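First comes the structure, then the notes that go with it.
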Amino acid sequence: MEKLKLVGISFIVFLLIICAFVFNKSNTPDTVSVIREVTENTKLIDANTDHNQVLDVAEYAQKNGLEIPPILINFDTHSDMYLNYPVIKYGAAGVENWINEYLAKYPEVKELYWVMPKEEAHNLPLQTFFAEDCYDYIIMGTGMYGNAMIKNMNLLKFVFNPLTRNAYTQNFVIDTKTGSLNEYIKGNEINKILFPKGRKYKKIKIITCTENTLPDMTGKRVFLSIDADYVSNSGFDTTDDFAIYKTPQGIDAGFYSIFKTLKNKNIKPEIISMSLSPQYLPKGHHNQVQNIFEYVIKISEHQDEILNYTRKYSEAQNHLSEIYNKLDKAGLLF
């Protein structure tokens, strides 16, 4: 009797295992076909360490006869832009402001999409931060996050209509010689200081969004940048205390979601850069992310061509005394 009972239990367990396998099998995303479809027009794909090495990727592309696409899409926890910071004038861009140099150096780039993690877009303290203007801190060379120059932005705009529902579009102007970037608001007195006459400027449209609100881009030419902290850290930004520590399955699902979104939005990037950003990932995620990068490159049927980079991780340096003095003389310090 005991034997029969054990056999029965064993048989039930066996059936449960089979059912679980079949269920998981039927719900396993077809990552191979998704990656292949997204990368079918890709001419260059690179896996690198630090996010400012995207600049090395762009330079390598140009040297090898590839045109820089007019649209940059950046999946990232951070904007990687600084306001009022002449980054080119004061040396090579770091991981926190490489986009300034990218926008300034390549005149063909007209639009930037910062794709923010959904966890970040729904977090109330971060929404508050996003809605605040940088007007009072503009002299400091501050990192661009959300609203820049519009005073009295309504926080409820982002609480009831978060970036997961509506993308947020801003018009910026960049000094192509220095990489200094600012939002241009018509009629604002500070424009005289931020945009002095006699300089060469370029208009750039910056759209902050999530995967949900990233638009369809059928037929558009795209440079794609993926920072691994988008999937691993998802908007909670310290090197020691990670508020969201995802499981290995969560990391895999996050990267699949990126490529699934690209497929659904008909985005077929010509150039792809994937950055590890080890300072912003728990160490336990590093090997897994690197394996995912290798997997994506293999499925795309490309090689990781770039072996040497001129950029590396560096912190921002404030060299803004000139601007500070101008603002002070104009009576625009707050």
* Step through the residues of the range 93-100 one at a time and calculate ³J(HN,Hα) from phi using the Karplus curve (6.51 cos²θ - 1.76 cosθ + 1.60, θ = phi - 60°), rounding each to whole Hz and writing x for Gly and Pro. => 5, x, 5, 8, 8, 4, 5, 3
* Structure fact -> Of the candidates Trp114, Ile207, Ile272, the farthest towards the positive dipole end of the range 32-329 (Lys/Arg Cβ +1, Asp/Glu Cβ -1, centred on the Cα centre) is Ile207
* Modelled label-to-label distance, Asn41 and Leu124, 7 Å Cα→beta-carbon offset: nm? -> 4.3
* Past 29 Å, Cα to Cα, is the threshold; run Lys105/Lys186; Lys89/Lys260; Lys151/Lys200 against it and keep the listed order. => Lys89/Lys260
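Could you order peptides 105-116, 246-257 by the average number of other Cβ atoms within 10 Å of their residues, highest first?
Values: 105-116: 20.0, 246-257: 15.5.
Order by mean packing, descending: 105-116, 246-257.
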* Structure fact -> By the mean-Cβ-within-10 Å protection proxy, highest first, 258-268, 30-40 rank as 258-268, 30-40
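By counting other Cβ atoms within 10 Å of each Cβ, how are His51, His286 ranked from fewest to most? Mind dumping the intermediate values first?
Details: His51 31, His286 15.
Ascending number of Cβ neighbours within 10 Å: His286, His51.
Just to confirm a number: summing +1 for Lys and Arg and -1 for Asp and Glu over residues other than Tyr256 whose beta-carbon lies under 12 angstrom from that of Tyr256, what do you get? Please report the intermediate quantities before stating the final value.
Numbers: positive: Lys260, Lys263; negative: Asp30, Glu211, Asp252.
Every neighbour counted, the sum reads -1.
May I ask for the net charge around Val222, where only other residues with Cβ less than 11 Å from the Cβ of Val222 are counted and Lys, Arg are +1 while Asp, Glu are -1? The partial results should precede the final answer.
Working: positive: Lys220, Arg221, Lys265, Lys268; negative: Glu111, Glu270.
Residues close to Val222 contribute a combined charge of +2.
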* To do: Using amide H atoms built 1.01 Å from N in the peptide plane, name the residues 5+ places from Leu83, or on other chains, whose amide H lies under 5 Å from its own.
  => Thr142, Gly143, Met144
* Asked: What does the charge add up to near Gln303, with Lys and Arg as +1, Asp and Glu as -1, over the other residues with Cβ less than 13 Å from its Cβ?
  -> -3
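In the range 32-329, what percentage of the DSSP-assigned beta bridges are antiparallel, given to the nearest 5?
Values: 12 of 38 bridges.
Of the beta bridges lying entirely in the range 32-329, close to 30 percent run antiparallel.
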* Asked: If you stretched the chain out fully between Lys177 and Ser257, how much longer would it get, using 0.36 nm times the residue separation minus the C-alpha to C-alpha distance?
  -> 25.1 nm
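Rule-based calculations on the coordinates, nothing more; no lab input. A quick note: this is a predicted structure, and the numbers were derived from the prediction, not measured. Using ideal geometry, Cβ is built from the backbone for each residue, glycine included, and neighbour counts are taken over all protein chains shown.
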